[in-house]
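K.L.:
Right, I'll just put the structure down here and ask away after.
The values are calculated or read from the model by the stated rules, or taken from the named source; none is laboratory data. Computed from a prediction, not measured in an experiment: that's the story for all the values here. Reconstructed Cβ throughout: ideal geometry from the backbone, glycine too, with neighbour counts over all protein chains shown.
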Amino acid sequence: MMRLSLTQRLSLVFVALLVACSAVSAWLQISASMRHEQEVVQRVSFGLADHIAGTTQLMDARGWRPQAVRTLFSQLMAVNPSVELYLLDNQGKIVGDAAPSGRIKRDHVDLAPIRRFLSGERLPILGDDPRSTHARKVFSAAPVRMDGRSVGYVYVVLQGEAHDSVVQSHASDDVLGPSLWTLGLIALLALIMGLVAFRLITRPLRSLTQAVRKFDANGEQAAALASASPDSQPSDEISVLRDAFAQMGRRIADQWQELARQDQQRRDLIASISHDLRTPLTSLHGYLETLRIKDGTLDAQERRRYLDIAINQSSKVGRLAQELFDLARLESGLVQPEPEPFSLADLAQDVVQKYELAAHEHGQTMSVDMPQPLPSVLADLAMVERVLTNLLDNAIRHNPAGTDIQLRLRHDDDAWVHIEVADNGPPIPPAVRETLFARAPLRSEGGGGLGLIVVRRLLMLQGEDIHLNETSGRTVFHFQLPVAQAHPHRSEGKCKS
């Protein structure tokens with residue numbers, strides 16, 4: 001049973017219910033037919049016992065006349081063999097009959113049905129059959145009176161043994177047989193029509209089952225299922241289930257594609273990090289090996305130059321390792337922003353002052369351009385400081401001498417402060433610009449772009465994003481922060497873990 005499909009199991013249940021209903025219907029039909037026949041016979045012969053009791057001398061002053069009763073009853077039963085006549089006293093004891101010897105199985109008849117019959121209750125009413133220990137049959141009854149008092153009853157069984165024999169021998173030839181055949185034929189037709197209708201009804205379910213079995217992560221089956229009826233409204237539960245599965249399939253397909261894209265970005269990131277680490281490590285190893293081999297032949301100035309280069313390359317490796325660690329923490333979900341109002345103007349001045357010397361050493365200029373006064377912003381102070389630090393450090397390391405680097409702050413409306421880090425260095429190649437914040441691009445052989453990925457993650461944690469624009473020969477990184485008074489609700493529900 002468990003190996004059958006849902007449609008097959010439901011079909012078997014339907015067949016079992018149909019057979020059970022047919023059997024019950026046949027039983028009810030036979031019972032109703034028999035009860036109707038009993039009611040008709042009892043109603044037609046309702047006054048038979050009363051007629052016999054009123055027109056025949058069944059007893060005299062000495063009591064019952066058994067021989068006269070037997071003679072009379074034999075004559076009446078010869079005229080109508082289906083009836084059986086009995087004479088009862090007031091206690092229901094059989095005191096007269098015309099039955100063959102040994103055919104009487106009980107000597108008393110229950111008087112309660114007789115009283116109900118005489119009181120005019122609804123027919124049919126069944127009474128005891130003296131020729132059976134358990135059978136009950138329709139009857140006619142009437143009291144026998146002597147000198148104005150009741151001395152017994154005439155009890156007529158209307159469907160006696162002769163009637164039962166005829167019914168049993170001709171039942172299949174008369175009404176019962178054709179009725180059962182008709183009922184069986186109707187049940188067969190209902191079974192065929194029900195199975196056909198059931199198959200038509202469950203066809204969408206079978207179609208959905210096939211779609212589920214053939215479902216693939218690329219979403220082809222889901223798309224085909226959804227396009228089957230794109231403009232129709234769900235008409236039943238199966239249609240609702242089909243549309244829900246199609247929606248789930250599309251969502252899984254989108255998530256699969258997103259996972260594939262992220263996996264490719266991860267591969268690109270690992271490849272880029274490997275490249276970025278290989279270059280300073282190779283240089284560091286080469287200069288250290290040179291110092292070991294030529295230690296006795298190098299003068300102090302050359303030895304110091306080699307050591308400075310090795311330290312510089314070591315710093316690059318340390319910076320890349322730190323950026324990779326920070327990126328892992330940001331993407332783990334363990335770090336959450338803690339917004340607070342603070343002065344962006346003061347923070348910008350501090351960050352620029354920290355990097356002015358580094359820019360000067362690279363032959364570059366750095367400045368701040370902002371209006372006065374500038375409103376406070378609502379953001380995570382440490383995260384914003386890291387964003388500005390990474391952007392300025394990226395501009396210094398990836399631009400040649402003579403580059404002008406500028407940090408611009410603008411307050412053009414009441415809700416936002418716009419921040420730009422602009423430089424007039426070489427433009428970023430279009431191929432790199434498309435994936436600038438998705439992996440570690442290389443603007444030169446000396447470093448990578450993990451810092452920009454960290455910048456975007458920091459801003460996205462605060463509900464913001466960063467954009468790259470190149471206008472009038474300048475590379476501009478742009479993002480915005482909310483003004484504290486305009487977004488007081490952004491500070492609610494935030495925590496730092």
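One line per residue, one yes/no per condition, for (1) touching a Leu at 6+ places or on another chain (Cβ under 9 Å); (2) in the same structural domain as L407 (by TED's automatic domain parsing):
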{"position": "E302", "(1), (2)": "no, no"}
{"position": "L307", "(1), (2)": "yes, no"}
{"position": "G318", "(1), (2)": "no, no"}
{"position": "D326", "(1), (2)": "yes, no"}
{"position": "P341", "(1), (2)": "yes, yes"}
{"position": "Q353", "(1), (2)": "no, yes"}
{"position": "E356", "(1), (2)": "no, yes"}
{"position": "H360", "(1), (2)": "no, yes"}
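Yes or no, residue by residue, for (1) in the same structural domain as A78 (by TED's automatic domain parsing); (2) free of Cβ contacts under 8 Å to residues at least 24 places away in the same chain; (3) part of a loop (DSSP other than H, G, I, E, B); (4) within 30 Å of A32 (Cβ to Cβ):
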position	(1), (2), (3), (4)
G96	yes, no, no, no
S101	yes, yes, yes, no
R106	yes, no, yes, yes
D110	yes, yes, yes, yes
I114	yes, no, no, yes
R122	yes, yes, yes, yes
H134	yes, yes, yes, yes
G152	yes, no, no, no
Q159	yes, no, yes, yes
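K.L.:
Which numbered condition in (1) crowded, with 17+ Cβ neighbours inside 10 Å; (2) part of a helix (DSSP H, G or I); (3) of a type outside the set (A, V, I, L, M) is the only one that K354 fails?
P.N.:
Among (1) crowded, with 17+ Cβ neighbours inside 10 Å; (2) part of a helix (DSSP H, G or I); (3) of a type outside the set (A, V, I, L, M), K354 violates only (1).
K.L.:
Filter segment 389-406 for residues that are over 19 Å from S472 (Cα atoms) and part of a helix (DSSP H, G or I) and give the result.
P.N.:
Scanning segment 389-406 gives T389, N390, L391, L392, D393, N394, I396, R397.
K.L.:
Now, a different point. Are any of the residues in segment 249-269 at pLDDT 60 or above, surrounded by 13 or more Cβ atoms within 10 Å (Cβ to Cβ) and of a type in the set (K, R)?
P.N.:
yes
K.L.:
Being modelled with pLDDT of 80 or more and part of a loop (DSSP other than H, G, I, E, B) is the requirement here; does I428 meet it? Full working, then the answer.
P.N.:
On the way: modelled with pLDDT of 80 or more: yes; part of a loop (DSSP other than H, G, I, E, B): yes.
Considered against the rule, which asks whether it is modelled with pLDDT of 80 or more and part of a loop (DSSP other than H, G, I, E, B), I428 comes out as yes.
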